[in-house]
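Beneath this line is the structure, given in structure tokens, with notes to follow.
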Amino acid sequence: MNSGKYEFLRVRRRFRQPLVTASGTIESLDRILLRTENNGEIGYGEISPWPTFPTETIDEASEVLRSAQGNLSHLSATVAADKNSFPCLRSALSSCAAWNEIKNFGGKLNCAGLLTTISVGLAQEKWREGFKTLKLKISSQTALAEVKNVLAVSPADCFLRLDANGSLDLAAARTWAEFARTEKQIDFIEQPLPVDHAGYASLGPNKIALDESFLAPGGMQWSGPVVVKPALVGDWQEFRQWRATHAGPVIYSSAFETAIGRQGALWLAAQEPSTIAHGFDTLGRFENDACDHHSAGPVVAGRSDLDWAKIWKELS
Ligand SMILES: [Mg+2]
């Protein structure tokens, strides 16, 4: 039996401007790129945890990769031994296994614009670029009026999503939920309450999306919208089985991957026919590091024309 082998690279990506979320400021991100070779097939994948999301850390993933010493079946066995561990590593291995399809993916997806600060001027810029949906980050400090100001300049056929990253208390979450339910141009409030907060039962699923609380199949049961980060969702086959049974909308979202992770995430998102806007407006935010190879904008696409062996070599 050919046991397969792998190598990996750790890259640090520095944001041009630190990214501010309700749970803290992020200046740089480490990512691990994985290259597998199994029965003559080459695969690529990426381990891209997101700080504050409950997955393995980059150091924990790195430790597992070091211990398996380049032996792919040892690595797969370690990861398979505990179903609840290493979701990012599982995602990366899923990408490697499907790479023959992923590398040929050149399809297109609608993309929501991401505003990391609420600004009427920045929103107008995004509408002008052709985005039809914008995602704004909100926190307990955000006033309804700030969002109303953005709505006031939003074209009638465009939508806003508000992501609280679990930063609200129940009273504030209720206020934002009521606001969303009366404003037809608000798609939903994303992760208003912390993970495991009992208040979700009383908020209900109408215009309430889960991100951190869902994370992967086996997370919270929810009939409302669910945000899925392919980099964090664990085994992609298991995810697709779950997806086939889930009636609510799924919004796919980037975890600020390099081109390897992005190509796989776009491919996974495109496995279901949907015109929904996904969350891939994450390009152009890092210092030049030769890790991005896709184009940004209101419509994003996979790239079937890239020479991944060359890209790997350049990053090595
Ligand atoms: Mg989110």
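Quick note: the coordinates plus some simple rules give every number you see, no bench work behind them. The shown structure was predicted, so the numbers you read here are calculated from the model rather than taken from an experiment. Here the Cβ positions follow ideal geometry from the backbone for every residue, glycine too, while neighbour counts run over all protein chains shown.
At-a-glance table
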| read-out | value |
| --- | --- |
| For the chain, calculated [θ]222 nm from helices alone, where every DSSP H run of n ≥ 4 adds -39500 (n - 2.57) | -9000 deg cm²/dmol |
| Where labels lie 7 Å past Cα in the beta-carbon direction, separation of Ala77 and Glu146 in nm | 5.2 |
| Positive-pole candidate from Leu114, Trp267, Thr282, dipole of segment 108-307, charges at beta carbon | Leu114 |
| Average Cα contact separation per residue, segment 29-112, under 8 Å, 6 or more apart, as relative contact order % | 34 |
| Rounded, prolate or oblate (a/c below 1.5 giving rounded, otherwise prolate when a/b exceeds b/c) for segment 108-307 by Cα gyration tensor | oblate |
| Within the chain, percent of DSSP bridges classed antiparallel, to nearest 5 | 55 |
| Sequence of Ser76, Ser119 once ranked by neighbouring C-beta atoms within 10 Å, starting from the fewest | Ser119, Ser76 |
| Among Gly70, Gly279, Gly45, residue whose mean-square fluctuation peaks in a GNM of the chain (springs only between Cα atoms under 10 Å) | Gly70 |
| Mean Cβ neighbour count within 10 Å, used as a protection proxy, ranking 240-251, 260-271 highest first | 260-271, 240-251 |
| GNM top mover of Ala145, Ala231, Ala123 - the chain, alpha-carbon springs below 10 Å | Ala145 |
| Segment 11-53 and segment 283-313: distance between their alpha carbon centers, rounded to Å | 14 |
| Fully extended contour minus Cα-Cα distance, from Ser223 to Ile26, at 0.36 nm per residue | 67.8 nm |
| Length added when fully stretched, Asn110-Glu272, from 0.36 nm per residue minus Cα-Cα | 57.0 nm |
| Segment Ala290-Ala198, length gained on full extension (0.36 nm per residue, minus Cα span) | 28.7 nm |
| Unsatisfied cross-links (Cα-Cα over 26 Å) in the set Lys132/Lys229; Lys83/Lys108; Lys5/Lys310; Lys83/Lys313 | Lys83/Lys108; Lys83/Lys313 |
| Cβ-based exposure ranking for Glu287, Glu41, in which fewest neighbours within 10 Å come first | Glu287, Glu41 |
